[in-house]
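What follows is one structure encoded as structure tokens, with my remarks underneath.
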């Protein structure tokens with residue numbers, strides 16, 4: 001088994017076809033196909049199911065993929081560790097919640113690109129649960145997620161704090177008006193695994209609220225636009241709402257403190273080597289987030305529990 005076999009295998013798994021994988025790694029398709037067959041023969045396992053429109057991993061292939069990715073990552077880490085530690089370089093794979101990627105990270109990434117042009121930077125967005133799994137299985141070097149989590153395999157450090165707010169259309173000018181119709185409202189949210197969605201669901205449960213249907217949307221712009229159009233409500237960081245283009249078409253309503261103030265945390269796998277590229281990224285992120293921190297918590301409005309108490313006591 002050679003590293004080239006593993007690189008080809010991972011490329012095919014990622015692209016879903018031998019042809020696309022060959023293009024990605026600048027090789028010929030026949031060579032990729034032959035090397036995968038050699039790998040399957042050596043392992044005595046079928047790694048891919050061949051279909052007319054591509055390939056999918058078998059159960060054995062799914063298991064082997066995690067090991068192959070880890071071997072390749074360790075190879076890259078060992079090579080980088082022997083290079084000049086004073087100069088960040090190589091590949092840095094980051095993950096982030098979409099809200100953080102949209103609002104907090106652009107300045108960090110722009111400065112990082114200028115200061116460290118030898119680093120090949122990639123960013124994957126996803127839910128907190130998806131990002132945790134990607135870090136745990138070494139598909140990412142680190143990720144910005146919502147809150148601290150019970151995981152013995154992760155190193156976690158707080159990078160900034162957000163104020164979460166309930167967001168509605170302008171037809172609900174006051175919190176009391178929204179609270180009266182809370183149980184019938186459609187919740188607009190990211191897919192299951194989103195930290196903000198789970199926070200909203202937890203608050204609903206404790207407040208005894210049964211919302212209407214949950215409509216999942218894949219983008220921040222989609223959620224904000226639907227809220228502005230009066231389709232429903234959502235839960236987002238105040239900083240995200242106040243920097244969005246439709247901010248004048250929505251209203252923010254403050255939450256109880258136990259739900260309103262949440263920490264964004266940077267996670268990495270404990271057994272991952274902290275490369276100069278990763279160290280430089282974290283230093284720059286902490287520096288920029290400290291600057292942004294002056295405006296991240298505007299004055300809070302009426303506390304939502306007070307309005308709810310009045311409504312449900314009536």
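The table that follows gives values for the structure above.
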quantity	calculated
Helices (runs of 4 or more DSSP H) (entirely within the stretch 1-90) containing at least 3 residues that are more than 24 Å from residue 135 (Cβ to Cβ)	3-15, 18-24, 29-43
Failed condition for residue 252, given (1) at pLDDT 90 or above; (2) surrounded by 15 or more Cβ atoms within 10 Å (Cβ to Cβ); (3) out of contact with any strand residue (DSSP E or B) (no Cβ under 9 Å at 6 or more places or on another chain)	(3)
Residue match in the stretch 150-160 (condition: within 27 Å of residue 217 (Cα to Cα) and touching a strand residue (DSSP E or B) at 6+ places or on another chain (Cβ under 8 Å))	yes
Failed criterion for residue 279 (all others in (1) part of a helix (DSSP H, G or I); (2) at pLDDT below 90 hold)	(2)
Residue within the stretch 16-36 that is within 29 Å of residue 92 (Cβ to Cβ) and touching a residue at least 40 places away in the same chain (Cβ under 8 Å) present	yes
Test set (1) in contact (Cβ under 8 Å) with a residue 24 or more places away in the chain; (2) outside any strand (DSSP E or B) - residue 221 fails condition number	(1)
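Residue-wise test of (1) surrounded by 15 or more Cβ atoms within 10 Å (Cβ to Cβ); (2) out of contact with any strand residue (DSSP E or B) (no Cβ under 9 Å at 6 or more places or on another chain); (3) part of a helix (DSSP H, G or I).
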| position | (1), (2), (3) |
| --- | --- |
| 108 | yes, yes, yes |
| 114 | no, yes, yes |
| 117 | no, yes, no |
| 123 | yes, no, no |
| 132 | yes, no, yes |
| 138 | yes, no, no |
| 143 | yes, no, no |
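The values are calculated or read from the model by the stated rules, or taken from the named source; none is laboratory data. A quick note: this is a predicted structure, and the numbers were derived from the prediction, not measured. In this analysis, Cβ positions are derived from the backbone assuming ideal geometry, glycine residues included, and neighbour counts consider all displayed protein chains.
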